[in-house]
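Read the structure below first, then the notes.
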Amino acid sequence: MNLIQSRFYEIFDISNINRIKFRNDINGLRAISVISVIFYHLDLKYFDGGYLGVDIFFVISGYLISNIIFSEIKNNQFTLKRFYLRRIKRILPAVFSTIILSFPFAYYLLAPYETLEYLNSILYTLFFLSNIYFSKLDFYNAAPTDFMPFLHTWSLGVEEQFYIIFPILLLTIYKYFKKQIFLILSLLFLVSIYLNLNVSFENFYLIQFRFWQLLAGVIICILSNKLRIKFLEIPGLFIIFYTVYQFGDDYILSLRPRLIITIGVSLVLFSKNEYSLLERISKNRLIKNLGLTSFSLYLLHQPIFAFARIYNDKETLLLANLNEPNYFSEQLFQRSLPFYLLFLFIIANLNFKFVELKFLNNSIKPVNIFYLFVLILLIIFLGFADDGFKFRYNNISEEILEYQDNRTNSLIVNGDSCWQRNIDDICIFNSESEVKIYNFGDSHAHTLSLYLSSSPKLNSYSYIDISGCVKYIEHLNTAEECRGRGQNVDKKNNYLKSINNSYVVYFVNSKMEIEKYNERNFQEHINTTFKTLLANNNKLIIVYPVPQFNFGVPQQFIEKGLDINATVSSQYAEFLEDKDIISTYKIYDSFIDKNIYRIYPEKLFCNSFVDNECVGAFQGKLFYYDESHLTKDGAALLAEEIANYIDS
C-alpha cells in the first residue's frame with residue numbers, strides 16, 4: 001500500500017521535473033497550428049475549423065511555460081523578475097515590429113474613422129488587453145473582421161494574462177499547499193470548463209474561459225514527467241485534423257470542438273517517441289521552419305491579409321467594377337494570393353531572424369524594447385489627437401468624414417448606444433405617455449432612432465428603442481449573437497410578445513436575412529413576428545428594403561475625391577430586379593390588415609432625385625454611412641413619413 005501511495009505522489013510531484021530539450025513534435029504542432037489559422041483566414045477548403053489552431057497554441061504554451069517554471073523551482077533558480085523579463089524579450093519585440101511595419105499601410109489605406117479603430121486595437125494590444133477590447137466591440141457596426149489588422153492579437157492577450165497570473169498563482173500554491181498542487185490545478189481546470197457551459201460571446205476571448213486549455217498543458221507536463229505512453233500521437237493527430245476539418249464557424253462559441261482538439265494535442269504531448277511519425281515529419285526543412293517562425297507568421301498574417309483586402313477593395317472601387325464588386329475584389333485578392341503568401345513567408349523569416357532571435361540572444365539590448373514601446377505610444381496618441389490623422393484628407397469635406405463615422409448617426413444615451421441593449425436597460429423617452437412607439441428590428445431600424453426619439457411631432461408619445469440582434473419573435477435561434485453577448489434573449493422575447501395597443505416600427509435588412517436564412521425561413525420568421533404583433537392590437541409600420549450600394553457612399557467620396565455636392569447613385573433597375581428584394585415585397589405584401597402601414601424607401605430614394613437612379617448622396621447630403629445603413633439625413637426622410645403617419 002505504501003509503495004502504491006509513494007508511486008502516486010511521485011507521479012504528481014513537480015519537484016523532480018527537468019527542463020525538456022527541443023522537441024521536434026512540438027515544433028511540428030506549432031506548424032500545424034499556424035497553417036490552420038492562416039488557411040482559415042484565407043477561407044480555404046478543408047480548414048473551416050482552422051480557428052482552432054489558436055487552441056493548439058494555448059495547450060502548447062501551458063505545457064512549455066509550466067515546464068520552465070517547474071524545472072527552475074527544482075533548481076532554486078526561479079524568480080518572477082527573471083521569468084517576466086524572458087517573456088518580455090520573447091513576445092514584445094516581435095509584436096512591436098509587427099505594429100511598426102503596419103503603420104505605413106494603415107496610414108495609406110485607412111480612412112480616419114477606420115484609423116481610430118486600428119489605433120485602439122494597437123493600444124489595447126500594448127497593454128495585453130486586446131482580448132477584452134475585441135470582446136466588447138460591436139462587430140455589427142465595426143469593420144468586417146477580414147479587414148481588422150490586429151483582431152488576432154486577442155489570443156496574445158489571453159496568453160500574456162496567463163503568463164502574469166500563473167507564476168504568482170503557482171508560487172502561492174507551492175508555498176502553502178505543495179503536496180496539493182496537482183489537485184488544486186485540476187480543480188481550477190474544471191472550474192474554467194464549467195464557466196464555458198453557458199455559451200457567451202466572451203467565452204471566445206476572455207482568460208477565465210480559456211484558462212483550462214492552458215492548464216491542460218500544465219497538467220500534461222506534470223503527468224508526462226513520469227508517465228509516457230508511446231504511439232498516442234497517431235490518434236492525437238487524427239483528432240486534431242478532424243476538428244480543424246469538421247467544426248466550422250457555427251461551432252466557434254461551442255465548448256465541444258475546443259475539448260476535442262485539446263484532447264488531441266494532449267495525446268501528442270503525452271506521447272514522447274523519438275521515432276514517431278510526427279517527429280520524423282517535423283524534421284522536414286519546411287515544417288521545421290514553419291514551426292520555428294510560427295510566432296512571426298501568426299503575428300504578420302492578419303495585417304498582411306487585412307491590408308491586402310482593403311487595397312483590393314479600393315482597387316475595385318476605382319476600377320468601377322460595380323456588377324459583382326465583392327466577387328471582383330475577392331478575385332483580385334485570390335489572384336495575388338501567391339504573392340501575399342510569399343511576402344508573408346519572407347517577412348516572417350526576417351522578423352524571426354533579426355528581431356526575435358536578436359532580442360532573445362541579447363544581441364539587441366532589452367532597453368530598446370522600452371524605446372519601441374514609447375515610439376508606438378507616441379504615434380497612437382498623435383493619431384488620436386488628429387482624430388485618425390485626419391490631416392491626410394484636407395481635400396475632403398469635413399462633413400463627408402463625419403458621415404462615415406456611424407457614431408454620429410447613432411442614438412446615444414449616457415455615453416452608450418441604444419442599439420442592442422439588454423431589455424432592462426433599453427432606451428425609453430417620455431415614459432409617462434400612455435401611447436407608445438416601439439422601434440423594432442436590426443441595425444437598419446436603429447438608424448431611425450435619432451430622428452424618432454426627437455421629432456417634435458412625436459413628443460406626446462413614449463418612444464422605446466428595442467432594435468438589436470433579436471429581430472424576430474419566438475425564432476430565438478437567430479439571436480445567438482445576442483445570447484453570446486450575455487443578453488437574456490428569452491426575457492426580450494417575452495417582452496416583445498407583451499407589446500400591445502402601440503405603434504411598432506419594424507425594419508430589418510431583409511436582403512441580408514434572406515441570404516443568411518433563405519427565403520422560406522425568413523418568411524416563417526416574419527409570419528410569427530407580424531401575426532403576434534397584430535394579434536395584440538398593435539399598429540404595425542413595415543419599412544420595406546432600402547436600396548443598397550456596392551460600396552460605402554462616403555468611401556466613394558473619399559477614394560474618388562468627389563466634391564461634397566456630387567451625386568452618388570445606382571441604377572433603379574438593379575433594385576427592381578434583385579431577387580431578394582422581390583422576395584421581401586412578396587412576403588410583406590402577403591399581410592393584409594387594417595393596422596398595417598407601409599413605408600417604401602424606394603419611393604424616397606429611387607426615381608425621385610434623379611430619374612431611373614437610386615441616390616446615396618445628392619447636393620451635399622449623404623444618405624448612407626456605408627453600403628446599406630442610413631445616415632441621420634437619410635433616416636430623417638424615412639422617419640418623417642413615419643412621424644407624419646402616427647401624428648395624423
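Residue count for region 183-214 under the criterion of being open to solvent by 40 Å² or more (accessible area, probe 1.4 Å) and not acidic (Asp, Glu): the result is 13.
Select the helices (runs of 4 or more DSSP H) contained entirely in region 533-648, then report the ones holding at least 2 residues which are under 26 Å from Lys314 (Cα atoms), under 31 Å from the mean Cα position of the chain (by Cα) and charged (D, E, K, R). Can you show your working first?
Details: elements: 553-560, 572-577, 579-589, 601-605, 632-647.
Helices (runs of 4 or more DSSP H) meeting the threshold: 553-560, 632-647.
Of all residues in region 261-286, those satisfying the criterion of being surrounded by 20 or more Cβ atoms within 10 Å (Cβ to Cβ) and either under 25 Å from Asn351 (Cβ atoms) or among the hydrophobic types (A, V, I, L, M, F, W, C) (or both) are Ile261, Val265, Leu267, Val268, Leu269, Leu278, Ser282. The residues of region 461-477 that are at pLDDT below 90 and either among the basic types (Lys, Arg) or open to solvent by 10 Å² or more (accessible area, probe 1.4 Å) (or both), listed by number, are His475, Leu476, Asn477. Quick one: what pairs do we get from region 395-411, first residue free of Cβ contacts under 8 Å to residues at least 60 places away in the same chain, second in a helix (DSSP H, G or I) and among the β-branched types (Val, Ile, Thr), C-beta under 7 Å, 6+ apart or different chains? Within 7 Å, the pairs are Glu402/Thr408. Taking (1) in contact with a Leu (Cβ under 9 Å, 6 or more places away or on another chain); (2) under 29 Å from Arg86 (Cβ atoms) in turn, Asn368 satisfies each apart from (1). Within region 628-639, track down each residue that is open to solvent by less than 20 Å² (accessible area, probe 1.4 Å) and of a type in the set (A, V, I, L, M). If the condition is that a residue be open to solvent by less than 20 Å² (accessible area, probe 1.4 Å) and of a type in the set (A, V, I, L, M), then Leu630, Ala635, Leu638, Ala639 are the ones that fit. Can you say whether Ile587 is at pLDDT 95 or above, open to solvent by less than 10 Å² (accessible area, probe 1.4 Å), in contact with a strand residue (DSSP E or B) (Cβ under 6 Å, 6 or more places away or on another chain) and aliphatic (A, V, I, L, M), as far as the supplied structure shows? When the stated conditions are applied, Ile587 does not pass them. Taking residues in region 150-166 that are under 16 Å from Ala306 (Cα atoms), and partners anywhere that are modelled with pLDDT of 95 or more and of a type in the set (A, V, I, L, M), the pairs with Cβ atoms closer than 7 Å and at least 6 places apart or on different chains are Phe150/Ile122. The residues of region 466-509 that are under 25 Å from Ile581 (Cα atoms) and without any contact (Cβ under 8 Å) to a residue 24 or more places away in the chain, listed by number, are Leu476, Asn477, Ala479.
For region 599-627, how many residues meet the condition of being closer than 20 Å to Val508 by Cβ and open to solvent by 10 Å² or more (accessible area, probe 1.4 Å)?
Filtering region 599-627 down to residues closer than 20 Å to Val508 by Cβ leaves 599-606, 614, 616, 623-627.
Add one more test, that the residue is open to solvent by 10 Å² or more (accessible area, probe 1.4 Å), and what stays is 600, 602-604, 625-627.
Selection size over region 599-627: 7.
Selection within region 489-501: residues that are under 16 Å from Lys531 (Cβ atoms) and not β-branched (Val, Ile, Thr). The member of this set that is surrounded by the most Cβ atoms within 10 Å (Cβ to Cβ) is Leu496.
The values are calculated or read from the model by the stated rules, or taken from the named source; none is laboratory data. These figures come from a predicted structure and were not determined experimentally. A quick note on method: Cβ atoms are made from the backbone with ideal geometry, for glycine too, and the neighbour counts reach across all protein chains shown. Please note that ligands, DNA and RNA were not included when accessible areas were found on the heavy atoms of the full protein model with its side chains. Shrake-Rupley method; radii C 1.70, N 1.55, O 1.52, S 1.80 Å.
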